[in-house]
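Notes to accompany the following structure.
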Amino acid sequence: MELTPRLKAVASQVPERARLADVGTDHGYLPVWLLLNGRISKAVASDLRERPLDTAKENARSYGLTERMDFRLCDGLSAIEPDEVDAVTIAGMGGETIAAILEAAPWTREGKTLVLQPMTSFPELRLWLQQHQYSIERETIAREGDRLYTVWTVRGGEMPPLTPAELWAGRQSDDPLRGEYLDYILSKVTRALEGHRAAQKPDEAAIAKLEEVAAGLRNMKEELA
Ligand SMILES: C[S@@+](CC[C@H](N)C(=O)[O-])C[C@H]1O[C@@H](n2cnc3c(N)ncnc32)[C@H](O)[C@@H]1O
């Protein structure tokens, strides 16, 4: 069984031998692959919806992993006890959903490793983590087709404040895809700026903020070059 580059990047940040909760597991490929490759000791797979959870159960069964996986039909971590797991993955979901799941499970700050792979709302999620005593310790970038994804290792703790550009693009790194990622984020910011400028009553404060972000991103690009 092969994982896609996005899920492989998530898997690579899961600590060895962890007891893992995979929230929003859908097909269950991530915990199945981690178990098959001897990377984790146990997995709890959760999903809000019955059908994906059934698919995950079926995949676990077909790989002979039924004994080593638990399944929970629940919202986020609501049916998972803190002492059952050391690590939590939340991948392929919007940033707001990820923040809501963590908000309802403050125990995730207590000695757990979180691997987050948001699809949207990057600045909002980074800001939420910063304001809720979580620290982003590592970010990597994965490419799948022509899309780029970021994967974050997060733990409870203070994080030095992020600049406006870092809230959008994360801290500078030597990831081989960093330059492309900065271009991708800069194009998102540029589109947002164009939208604001085209409005009948432009929101000058929002424009100034986005201009600051764009300038910060250009500095990061220069630094990288
Ligand atoms: C796009 S899939 C991502 C699947 C997998 N994690 C991945 O990255 O490939 C999102 C999954 O999250 C589930 N989901 C959405 N909101 C959820 C929540 N609040 N709690 C648990 N699962 C949720 C959906 O039912 C769906 O199966």
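Here segment 5-159 carries DSSP beta bridges of which approximately 40% are antiparallel, counting only pairs with both residues inside. Taking 48, 34 and ordering them by how much accessible surface each has at a 1.4 Å probe, largest first, produces 48, 34. Accessible area per residue was computed with a 1.4 Å probe on protein heavy atoms; residue 93 scores about 40 Å².
From the gyration tensor of the Cα coordinates in segment 178-224, what semi-axes in whole Å does the equivalent ellipsoid have, largest first, with each one equal to sqrt(5λ)?
Ellipsoid semi-axes (Å, largest first): 23, 11, 5.
Across the accessible surface of segment 5-159, with the other protein chains kept in place and a 1.4 Å probe, carbon and sulfur atoms take up 46 percent. Maximal additional length on extending the residue 27-residue 81 stretch stands at 17.2 nm, based on 0.36 nm per residue less the C-alpha distance. Note on residue 184 and residue 133: the extension gain reaches 15.5 nm, defined as 0.36 nm multiplied by sequence separation minus the Cα-Cα distance.
Placing unit charges on the Cβ atoms of the charged side chains and taking the dipole of segment 178-224 about its Cα centre, the candidate lying farthest along the positive direction among 208, 192, 179 is 192. Entry comment: accessible area of segment 5-159 is 44 Å² per residue, from protein heavy atoms only and a probe of 1.4 Å. Here the Kirkwood formula puts the hydrodynamic radius of the chain at 18.4 Å, using every distinct Cα pair. Each label point was placed 7 Å from the Cα along the Cα-to-Cβ direction; for residue 36 and residue 173 their separation is 2.6 nm. Between rounded, prolate and oblate, where does segment 31-78 land on the alpha carbon gyration tensor, with a ≥ b ≥ c its root eigenvalues, rounded for a/c under 1.5, else prolate if a/b exceeds b/c? Oblate is the answer for segment 31-78, as a/c is 1.5 or above yet b/c matches or exceeds a/b.
Can you classify segment 1-107 as rounded, prolate or oblate using the Cα gyration tensor, where a ≥ b ≥ c are the square roots of its eigenvalues, rounded means a/c under 1.5, and otherwise it's prolate if a/b beats b/c and oblate if not? Judged from the Cα gyration tensor, segment 1-107 comes out rounded (a/c under 1.5). Accessible surface of residue 63, taken over heavy atoms with a 1.4 Å probe and every protein chain present, rounds to 100 Å².
Here the calculated FRET efficiency for residue 57 and residue 8, from their Cβ-Cβ distance with R0 = 25 Å, stands at 0.65, rounded to the nearest 0.05. When the helices of the chain are scored as -39500 (n - 2.57) per DSSP H run of n ≥ 4 and the total is divided over every residue, the value at 222 nm lands at -13000 deg cm²/dmol. Out of the total accessible area of segment 178-224 (probe 1.4 Å, heavy atoms of protein only), what percent is carbon and sulfur? The C+S portion of the solvent-accessible surface of segment 178-224 is 50 percent.
Taking all protein chains as they are arranged and a probe of 1.4 Å, the heavy atoms of residue 80 leave approximately 10 Å² accessible to solvent. Applying a threshold of 24 Å to the alpha-carbon distances of 188/221; 8/209; 112/209 flags 8/209; 112/209 as lying beyond it. The length gained on full extension between residue 65 and residue 146, counted as 0.36 nm times the residue separation minus their Cα-Cα distance, comes to 25.8 nm. Give the separation of the Cα centroids, segment 108-166 to segment 1-74, in Å. With segment 108-166 and segment 1-74 each reduced to a Cα centre, they are spaced 21 Å. In a shell of Cβ-Cβ distance under 11 Å around residue 99, excluding residue 99 itself, what net charge do Lys and Arg (+1) and Asp and Glu (-1) give? Taking every Cβ under 11 Å from that of residue 99, the sum is -2.
The values are calculated or read from the model by the stated rules, or taken from the named source; none is laboratory data. Being a predicted model, the structure only gives us computed values, none of them experimental. Heads up, the Cβs are rebuilt from the backbone with ideal geometry, glycines too, and the neighbour counts pull from every protein chain shown. The area values use the complete protein model at the heavy-atom level, side chains included, leaving out ligands, DNA and RNA. Shrake-Rupley method; radii C 1.70, N 1.55, O 1.52, S 1.80 Å.
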